Amino acid sequence: MDRKPKIKAIIDRNIRDIVLATANSKIGFVSVNKVEVTNDYSIAKVFVSFLGNKDANKSFDKLVQMAPYLRHQLAQKISLYKTPEIRFVHDQRFIIDEKMNELLKKDQAALEKMKKGR
């Protein structure tokens with residue numbers, strides 16, 4: 001039986017819990033979209049977004065600064081030979097999707113206006 005998927009799932013769940021509990025109180029609402037763990041468990045890439053946050057880049061910078069503390073928190077919760085280094089990735093898919101939807105709505109409204117003008 002392969003242990004890797006179980007260990008990765010444990011790391012994923014604990015990182016999500018720690019980030020949501022710790023970071024939300026310090027920098028505002030953080031959404032953890034995905035966690036990827038390398039095969040040797042040395043690095044955990046945490047994809048985050050900041051919905052409804054006007055200064056998302058500033059919040060992301062604060063979160064990156066918190067990474068060593070969050071790693072320490074992870075080490076307290078899981079028992080591994082080496083706790084993975086936490087690397088945050090600013091996931092902007094939702095922002096891009098939102099902008100695309102706005103553009104599509106504007107185009108649709110312009111098309112409807114053109115049809116009514118005929």
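The values are calculated or read from the model by the stated rules, or taken from the named source; none is laboratory data. Just so you know, these numbers come straight off a predicted model, no measurement behind them. Quick reminder, even Gly has a Cβ in these numbers, built from the backbone with ideal geometry, and neighbours come from all protein chains shown. The protein model used for the area step is the full one, side chains on, heavy atoms only, and it has no ligands, DNA or RNA in it. Shrake-Rupley method; radii C 1.70, N 1.55, O 1.52, S 1.80 Å.
Brief remarks on what is shown
- Rounded to the nearest 10 Å², the accessible area of Tyr41 at probe 1.4 Å: 40 Å²
- In this structure the amide hydrogen of Asn33, modeled in the peptide plane, comes within under 5 Å of the amide hydrogens of Phe47, Val48, Ser49, none closer than 5 places in sequence on its chain.
- Rg/Rh ratio calculated on Cα atoms of the chain (Kirkwood radius): 1.20
- Normalised contact order of the chain, rounded percent, pairs of Cα under 8 Å and 6 or more residues apart: 24 percent
- The Cα-based radius of gyration of the stretch 1-62, divided by its Kirkwood radius, gives an Rg/Rh of 1.05.
- On full extension, the segment bounded by Arg93 and Arg13 gains 26.6 nm, given 0.36 nm per residue less the C-alpha separation.
- The stretch 1-20 residues near the modelled Phe29 label - backbone nitrogen below 15 Å, point 7 Å along Cα→Cβ: 20
- Degrees, to the nearest 10: 56-77 long Cα axis against longest axis of the chain: 30 degrees
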